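Accompanying notes for the structure given below.
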Amino acid sequence: MFGYYFQLALRSFKRNKVLTALMVLAIALGIGASMTTLTVFYILSGDPMPGRSHTLFYVQMDPQSMDGYVAGEEPEEQVTRFDAEALLREKKADRQAMMTGGGLSIEPEKQGLSPFVVDARYTSADFFPMFDAPFDHGNGWTAREDDSQARVAVISRKLNEKLFDGGNSVGKSIRIDQNEFRVIGVLKDWRPTPRFYDMNSDRYGEVEQVFLPFSTAVNMKLGRNGSMNCWGDSNGDETGVNAPCTWIQYWAQLDTPEKVEAYRQYLVNYSDQQRRAGRFERPTNIRLRSVMEWLDFKKVVPNDVRLQTWLAFGFLLVCLINTVGLLLAKFMRRSSEIGVRRALGASKGAIFSQALVEAGTIGLAGGVLGLGLALLGLWAVRQQPASYAELAHLDPVMLLTTFGLAILASVLAGLLPAWRACQVTPAIQLKSQ
Amino acid sequence: MDIRPIFTALRRHKTAAALIVIEIALSCAIICNALFLINGRLERMDRVSGMAEDEVVRVQLTGIGRDDNAEALTKADLASLRAIPGVKFASATNQVAFNNSSWNSGVRLRQDQTHQNLNATVYMADDQMIDTLGLNLVSGRKFNPDEFIEWEALNKPDAKVNIPSVIITRSMANALYPDQDALGKVFYSWGDEPIKIVGIVEHMVRPSEQGGPTAYEYSMMFPIRVHYNVGGHYLMRTEPGRRAEVLKAAEDVLLKNNPNRIILEKQTLEEMRSNFYRQDRSMAWLLVAVCVALLIVTALGIVGLASFWVQQRSKQIGVRRALGATRRQILRYFQTENFLLASLGIVIGMALAYGINQALMGKYELARLPLYYLPVGAVLLWLLGQISVLGPALRAASVPPAVATRSA
């Protein structure tokens with residue numbers, strides 16, 4: 001039966017080429033627009049650490065003075081060096097790392113390559129195992145290198161290509177800000193999206209090209225990037241241990257819910273203790289957010305992208321209503337034909353399914369065309385200046401979603417017209433012939 | 001014209017009529033909001049910077065490693081830059097407009113208060129800065145030569161250097177002293193000593209969007225001579241036609257003064273502005289495209305349904321014509337019908353537009369939809385409806401009366 005209805009549908013399309021084309025085009029435009037924006041939204045709101053994100057937690061506390069205190073406000077978004085080093089020393093989590101962004105100049109030994117500037121990350125050793133960073137060659141460093149302020153560096157694959165033509169550069173030396181560092185690891189291509197661990201700079205950018213031990217970089221006073229908030233006199237040294245400035249991101253890995261609770265309590269105790277010691281002035285106010293909670297709190301998906309998604313679905317809705325209207329007109333125009341079929345013994349169900357097959361076929365065609373438009377739309381997104389633009393590709397999940405959405409949309413659009421079509425009373429139609 | 005028959009006819013086509021109304025309502029709601037958003041973007045992109053945008057160029061550079069001699073090198077750099085043919089003024093500064101990276105500081109009117117009155121951005125200005133940027137000083141004076149402080153001196157541990165004076169924008173002056181002249185008054189920001197307002201400029205934007213639209217011009221200039229490692233921006237003012245030439249020459253002299261540096265950026269202020277608003281521009285175009293697509297889809301929907309009705313009623317039309325109705329009356333009938341449907345859709349659409357706007361206001365910090373957007377959307381959709389229905393209505397008007405005499 002399906003095959004026959006399908007043939008009937010094709011025949012009906014031939015009779016009304018323009019109308020059919022209009023319906024297909026309307027569905028295609030709606031599907032194309034909504035799938036483009038939905039794909040971008042899906043990529044931007046994704047989990048940067050699938051399988052691990054629920055065990056990674058961002059630490060916040062409130063070390064500020066009472067100046068400007070408003071009860072109930074969020075604590076500082078970053079921590080002070082004093083607190084970060086204290087937490088790191090006490091090692092109460094399964095893994096933990098303190099970090100900040102930086103900017104460095106590199107003087108390549110390679111001929112014909114002039115000095116250039118790269119983004120860097122200064123972090124403690126657990127960064128690599130905690131965030132599951134994959135290595136091409138070598139490894140990250142250990143707490144020993146942190147303690148001894150060793151001049152070691154982990155570099156990205158991109159930088160390795162540039163400086164060492166992609167070979168195994170472990171053990172080679174690299175000149176950073178006029179100092180020699182030893183390469184101990186080369187990362188694979190690695191791009192957690194969004195770059196959750198530091199929300200100060202480009203949230204969808206690539207990971208940094210150079211990673212150095214935090215202790216080494218800070219003591220050498222290497223260039224620092226990111227935001228810093230100071231509230232007292234730092235005496236000319238904002239990165240000093242005792243400076244009243246927050247500028248460090250602190251992450252902890254906690255594998256079980258019990259450990260999370262225990263760590264929360266530990267942070268409360270730590271804050272209380274600091275207040276007793278006179279370092280903290282404000283009431284204890286800590287936060288321990290998982291990766292997804294942190295991304296949510298930082299409203300990581302740009303408002304423009306959210307707005308575009310809403311807009312596209314509004315557009316799809318208009319396109320669907322349009323299709324419902326046109327299908328209705330089309331089926332009603334064929335009332336007499338339906339009347340004859342009913343009189344010859346076709347059941348209401350048969351008319352209904354025939355109409356639905358016709359609607360579904362239009363939806364399928366619209367879906368295929370819409371997929372093409374979505375690919376075109378994503379190509380257009382990739383031409384945009386935003387840093388997430390290059391990530392805008394259709395993956396299998398979104399491909400299936402597109403098809404599902406197209407079929408669902410067109411069947412939904414076909415339901416009402418099909419229902420009206422099968423309600424046609426044969427007697428009246430026959431009489432008016 | 002009697003519109004009762006139209007209602008009677010529409011009652012027989014409730015579903016189709018309802019679909020048209022809903023489609024028009026949704027289009028109206030989306031288009032009103034989209035137009036509002038487009039206008040918001042255009043207004044943002046149109047904001048006055050207060051600077052001579054077509055004359056200013058900047059070079060940003062960074063040293064390789066630490067430079068303990070940065071102060072002297074900066075002086076040499078500025079002397080070389082000012083000697084370039086075509087350069088009228090040159091300055092070193094910590095930050096530039098349209099660059100997103102900014103220095104900000106709280107401002108208090110009294111020393112003992114714990115809450116800040118506002119947060120303003122901090123430009124560190126050297127002797128030529130006001131002329132380099134082409135700022136319009138509306139009252140007070142420029143900095144006196146003896147007021148300038150070297151960055152190194154300010155930043156030394158245990159430094160007891162105070163900032164004597166500040167030049168602020170009119171917008172910031174009005175915010176600090178709404179009812180009186182801010183000139184000559186003091187406030188507290190960096191350090192514990194009062195800083196005296198010696199000049200007010202008409203406009204000067206802050207580099208970032210920090211603080212939102214009201215704080216967009218909360219800018220202040222401290223008389224501090226920074227060296228090239230603090231932000232690393234050199235600004236030059238020249239004639240519009242000589243900007244490319246000056247930029248090239250500036251890069252050469254800077255690298256000649258000390259080759260151990262990396263040029264990060266060199267562009268005109270106009271290019272920086274254009275880059276800064278790229279996202280807004282593409283969003284505005286996207287919204288325009290959606291509006292156009294919506295109008296086309298809605299028009300096609302109206303054409304489709306109107307054609308269907310005309311075809312279905314051709315016999316009745318023939319009867320009316322046979323009974324003496326003119327072509328014009330038939331035309332008017334379909335036009336009025338469309339007008340009624342569009343009006344109903346527009347009324348619902350306006351309510352919907354306000355609803356969407358309310359939802360967006362809650363989520364995305366948008367302003368309230370101004371009332372004048374509603375008539376604009378309404379006229380747009382009325383016109384659209386009339387244009388779309390014209391074709392089918394003309395076809396209806398051309399139905400010959402003889403149709404009435406034929407059996408179907």
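Read-outs: derived from the displayed coordinates by stated rules, not from any lab. These figures come from a predicted structure and were not determined experimentally. When we count neighbours, we look across all protein chains shown, and the Cβ atoms used for this are built from the backbone with ideal geometry, even at glycine.
So for the protein assembly as shown, considering every pair of alpha-carbon atoms, how many percent are separated by more than 48 Å?
38 percent
What ranking do B:Ile3, B:Ile24 get, fewest neighbouring Cβ atoms within 10 angstrom at the top?
B:Ile3, B:Ile24
Compute the Kirkwood hydrodynamic radius of the stretch B:103-171, taking the inverse of the mean of 1/r over all pairs of distinct Cα atoms, and give it in Å to one decimal.
About 14.2 Å for the stretch B:103-171.
Quick check: residue separation of B:Gln210 and B:Arg278 times 0.36 nm, minus the Cα distance between them. What number comes out in nm?
In short, 22.7 nm is gained.
I need the phi-derived Karplus couplings for the stretch B:207-215: 6.51 cos²θ - 1.76 cosθ + 1.60, θ = phi - 60°, integer Hz, Gly and Pro marked x.
Those phi angles translate into x, 10, 8, 3, x, x, x, 5, 8 Hz.
Between A:Glu261 and A:Arg333, what is 0.36 nm times their sequence separation minus the Cα-Cα distance? Round to one decimal in nm.
So the extension gain works out to 19.2 nm.
Just how large is the dipole of the stretch B:56-276 about the Cα centre, in debye to the nearest 20, putting +1 at every Lys and Arg Cβ and -1 at every Asp and Glu Cβ?
Computed charge dipole of the stretch B:56-276: roughly 260 debye.
Relative contact order, percent, of chain A when contacts are C-alpha pairs under 8 Å separated by at least 6 residues?
The value is 28 percent.
What nm value, rounded to one decimal, do you get for the distance between A:Phe116 and A:Gln7 when each label is placed 7 Å out toward the C-beta?
Result for the modelled spin labels: 6.4 nm.
Work out the P(r) tail for the stretch B:181-233: percent of alpha carbon pairs separated by more than 14 Å, whole number.
That tail contains 67 percent of the Cα-Cα pairs.
Grab the DSSP H runs of chain B that are 4 residues or longer, score each as -39,500 (n - 2.57), total them, divide by all residues and round the 222 nm result to the nearest 500 deg cm²/dmol.
-16500 deg cm²/dmol
With chain A treated as a Gaussian network of Cα nodes joined by springs under 10 Å, which of A:Val186, A:Val357, A:Val40 yields the largest mean-square fluctuation?
Highest fluctuation of the listed residues: A:Val357.
Looking only at the stretch B:56-276, where both bridge partners belong to it, what percent of the DSSP beta bridges are antiparallel (to the nearest 5)?
70 percent
Can you bin every Cα-Cα distance in the stretch A:292-367 into 5 Å intervals starting at zero and give me the percent of pairs per bin, rounded to whole numbers?
3, 12, 14, 16, 12, 9, 8, 7, 6, 5, 4, 3, 1, 0
Suppose the chain between B:Lys75 and B:Ala244 were pulled fully straight at 0.36 nm per residue; how much longer would it get relative to their current alpha carbon spacing?
Computed gain between B:Lys75 and B:Ala244 is 58.5 nm.
What FRET efficiency would be calculated for the residue pair B:Asp179, B:Met361, taking the C-beta separation as r and a Förster radius of 41 Å, to the nearest 0.05?
E between B:Asp179 and B:Met361, to the nearest 0.05, is 0.85.
Hey, got the Cα dimensions of the stretch B:56-276 along the principal axes, in Å, largest first?
On the principal axes, the stretch B:56-276 reaches 49, 40, 29 Å in Cα extent.
Counting only residues 5 or more places away or on other chains, whose amide H sits under 5 Å from the amide H of B:Ala97 once H atoms are built in the peptide plane?
none
Using amide H atoms built in the peptide plane, which far-off residues or other-chain residues are under 5 Å from A:Asn225 H to H?
Answer set, sorted by chain and number: A:Gly101, A:Gly102, A:Gly103.
Please name whichever of B:Asn229, B:Asn69, B:Leu264 sits farthest to the positive end of the charge dipole of chain B, dipole taken about the Cα centre and charges placed at Cβ: Lys and Arg +1, Asp and Glu -1.
The residue sitting farthest along the positive end of the dipole is B:Leu264.
For a Förster distance of 22 Å, can you work out the FRET efficiency between the beta-carbons of A:Ser387 and B:Leu264, rounded to the nearest 0.05?
0.80
Kirkwood hydrodynamic radius, computed over distinct alpha-carbon pairs, for chain A: how many Å, to one decimal?
For chain A, the Kirkwood estimate is 26.0 Å.
Restricting to DSSP H runs of at least four residues, report the calculated mean residue ellipticity at 222 nm for chain A, -39500 (n - 2.57) per run over all residues, nearest 500 deg cm²/dmol.
-16000 deg cm²/dmol
Per residue, how big is the convex hull of the stretch A:133-173 when only Cα atoms are used? Give it in Å³.
Here the figure is 73 Å³ per residue.
Remind me, relative contact order of the stretch A:204-361 in percent, using alpha carbon pairs under 8 angstrom and six or more residues apart?
So the answer I get is 9 percent.
Can you find, among A:Ser169, A:Thr142, A:Leu187, the residue farthest towards the positive end of the dipole of the stretch A:53-297? Put +1 on the C-beta of Lys and Arg, -1 on that of Asp and Glu.
A:Ser169
Sort A:Cys230, A:Cys319 so the one with the fewest other Cβ atoms within 10 Å of its own Cβ comes first.
A:Cys230, A:Cys319
For B:Arg225, enumerate residues with amide H under 5 Å from its amide H, sequence gap 5+ or separate chain, H modeled in the peptide plane.
B:Ile149, B:Glu150, B:Trp151
Placing +1 at every Lys and Arg Cβ and -1 at every Asp and Glu Cβ, with all other atoms neutral, what dipole size does the stretch A:53-297 have around its Cα centre, in debye to the nearest 20?
So the dipole magnitude of the stretch A:53-297 works out to roughly 500 debye.
If you only keep lysine pairs separated by 8 or more in sequence, or across chains, how many in the stretch A:53-297 come under 20 Å at the Cα atoms?
10
If you plug each phi of the stretch B:365-372 into the Karplus form 6.51 cos²θ - 1.76 cosθ + 1.60 with θ = phi - 60°, what whole-Hz ³J(HN,Hα) values come out, in order, with x for Gly and Pro?
Computed from phi, the couplings for the stretch B:365-372 are 6, 8, 7, 6, 5, x, 4, 5 Hz.
Using θ = phi - 60° and the Karplus curve 6.51 cos²θ - 1.76 cosθ + 1.60, what whole-Hz ³J(HN,Hα) does each residue of the stretch A:310-319 get, with Gly and Pro shown as x?
4, 4, 5, 6, x, 5, 4, 4, 4, 4
Suppose a student asked you for the relative contact order of chain B, using Cα pairs under 8 Å spaced at least 6 residues apart; what percent would you report?
28 percent
State the answer as a single residue: which of B:Ile330, B:Leu341, B:Pro370 lies farthest towards the positive end of the charge dipole of the stretch B:290-378, with beta carbon charges of +1 for Lys and Arg and -1 for Asp and Glu, about the Cα centre.
Positive-most Cα among the choices belongs to B:Ile330.
Radius of gyration and Dmax for the stretch B:265-408's Cα atoms, expressed in Å?
Over the stretch B:265-408's Cα set, Rg and Dmax evaluate to 22.8, 82 Å.
For an R0 of 56 angstrom, estimate the FRET efficiency from the Cβ-Cβ distance between A:Asp233 and B:Leu390 and round to the nearest 0.05.
In this case the efficiency is close to 0.15.
I need B:His203, B:His115 ordered by Cβ neighbour count within 10 Å, fewest first.
B:His115, B:His203
So which lysines pass the test for B:Lys75, namely a Cα distance under 16 Å, with those fewer than 8 places away in the same chain ruled out?
B:Lys256
Taking the Cα centre of the protein assembly as shown as origin, work out the dipole magnitude from +1 charges on Lys and Arg Cβ and -1 charges on Asp and Glu Cβ, in debye rounded to 20.
6140 debye
Could you check which residue among A:Ser335, A:Ser271, A:Ser215 shows the biggest mean-square fluctuation in a GNM of chain A with a 10 Å Cα cutoff?
In this elastic network of chain A, the residue with the biggest mean-square fluctuation among A:Ser335, A:Ser271, A:Ser215 is A:Ser335.
Using a cut-off of 14 Å between alpha-carbon atoms, which aspartates and glutamates can reach B:Lys248, once sequence neighbours fewer than 8 places away in the same chain are excluded?
Cα-Cα hits under 14 Å: B:Glu265.
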